[in-house]
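The values are calculated or read from the model by the stated rules, or taken from the named source; none is laboratory data. Note that this is a predicted model, so its numbers are computed, not measured. Cβ sites come from the backbone with ideal geometry, for glycine too, and all protein chains shown count toward neighbours. Ligands, DNA and RNA are excluded from the accessible area calculation, which covers all protein heavy atoms including side chains. Shrake-Rupley method; radii C 1.70, N 1.55, O 1.52, S 1.80 Å.
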Amino acid sequence: MSDDILIKARDLSVHYQLSGGALFDPKPVVKAVEGVNLDIAKGSFFGLVGESGSGKTTLGRACLKAAPITRGTVTYSDEEVEFELTKIGKPELKEYRRRAQLIFQAPSAALSPRMPVRDIIAEPLEVMGLTSSREETDERVREIAAKCRLNLEHLRRFPHAFSGGQRQRISIARALVSRPHFVVADESVAALDVSIQADVLNLLKEIQQEMGLTFLFISHDLSVVAHVCDHVAVMYLGRLVESAPTRDLFFKPRHPYTKALLSAIPSLDPDDHGSAQKLEGEIPSPTNPPPGCKFQTRCAFAVEHCRKVEPKLEHSSTGHEVACHRWQELMD
Ligand code: ADP
Ligand code: MG
């Protein structure tokens, strides 16, 4: 419909109110995602990285309308429909579910042990009423299974009979059987052996290109992201702190947090990013974030201004955006 952006988030925030605290005290609020602006281009393999607890899963789920949006908007627009997720009702949500899918984190837990693989993959088609006969369902299941390198014999078996990599391919097939346009893959290879990770990543990339899909690929592992993504956003304590085409992010990182993440991966650090610090300490609690820049408590370059004023993600025509008061000085 509109331009070349499939998912557009503006000032997106997801806050969770926790129970507990003293009787008359305000209940603690977790700002899992805070004020995020995000553009995911159609057909891109968009990476989202950051330490555990930075808000990646919540942001991904908000883009699927599977996390409660406290403030801001998420707009989805493909060639046929446009949805503003905070405004849609049940019928549109049903339509959106077909177009936007999640590949689960831990496939073994997500796959029902008592269902043969054929039924596991077919279930979304049946729930969404997308096919009109068993033959049509079978046809669709076989088609997507083949794309995910599962054969007819596999379809008759139960999930326990499969290896981790095969199970992940089953859950990929299940997510893709409704022919979605947008797929959120949340730590989809994190539980797999390194040797199998590459297989599954290559498969995802292949399918993405063949089917013209748009991926939001979430991972805490930068080397995995470098391998498949064409654009990467870095998250810290609910905020996006840097966003850039993959090459720029890895070769010309601007945010001290990104540099610190990269310096922890020797194989990805070709010209050891000069002044990069080691990442020490823990990510602060999102119920009690520090004032100013959220990274200031761990940043070796923080000055008074950083402790008072939160930097905004600066827009740039090259697509390389950063939220740091000092990034330009630090590049010299
Ligand atoms: P990541 O995927 O980067 O590890 P998450 O999105 O899972 O991060 O979590 C971000 C923050 O939000 C964490 O502090 C987490 O504890 C909190 N959080 C996530 N989901 C909920 C929820 N349903 N209720 C309360 N807090 C939540
Ligand atoms: Mg997560």
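Here are the numbers:
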item: Test: Leu201 is touching a residue at least 40 places away in the same chain (Cβ under 8 Å) and under 30 Å from Asp230 (Cα atoms); result: no
item: Selection within the stretch 238-262 - open to solvent by less than 20 Å² (accessible area, probe 1.4 Å) and assigned to a helix (DSSP H, G or I); result: Thr246, Leu249, Phe250, Pro256, Tyr257, Thr258, Lys259, Ala260, Leu262
item: Test result for Lys42, within 16 Å of ligand 2 (Cβ to nearest atom), open to solvent by 10 Å² or more (accessible area, probe 1.4 Å) and under 19 Å from Ala244 (Cα atoms); result: no
item: The stretch 131-148, subset surrounded by 16 or more Cβ atoms within 10 Å (Cβ to Cβ) and within 27 Å of the chain's Cα centre (by Cα), residue farthest from Ala190 (Cα to Cα); result: Arg140
item: Any chance Ala191 is out of contact with any Leu (no Cβ under 7 Å at 6 or more places or on another chain), open to solvent by less than 50 Å² (accessible area, probe 1.4 Å) and closer than 30 Å to Glu51 by Cβ; result: no
item: Selection within the stretch 66-105 - within 19 Å of the chain's Cα centre (by Cα), within 16 Å of Val183 (Cα to Cα) and open to solvent by 50 Å² or more (accessible area, probe 1.4 Å); result: Ala66, Arg97, Arg98, Phe104, Gln105
item: Filtered residues of the stretch 155-178 (kept if open to solvent by less than 20 Å² (accessible area, probe 1.4 Å) and assigned to a helix (DSSP H, G or I)); result: Leu155, Pro159, Gly165, Gln168, Ile170, Ser171, Ile172, Ala173, Ala175, Leu176
item: Helices (runs of 4 or more DSSP H) fully within the stretch 18-117 counting 2 or more residues that are more than 16 Å from ligand 1 (Cβ to nearest atom); result: 90-99, 107-110
item: Pair list, Cβ < 7 Å and 6+ apart or interchain, from the stretch 18-29 residues that are over 12 Å from Asn288 (Cβ atoms) to residues that are open to solvent by 100 Å² or more (accessible area, probe 1.4 Å); result: Lys27/Gln17; Lys27/Ser19
item: In the stretch 10-30, the residues that are open to solvent by 50 Å² or more (accessible area, probe 1.4 Å) and either within 16 Å of ligand 2 (Cβ to nearest atom) or modelled with pLDDT of 95 or more (or both); result: Arg10, Asp11, Tyr16
item: Residue match in the stretch 47-57 (condition: open to solvent by 50 Å² or more (accessible area, probe 1.4 Å), out of contact with any Pro (no Cβ under 6 Å at 6 or more places or on another chain) and modelled with pLDDT under 95); result: yes
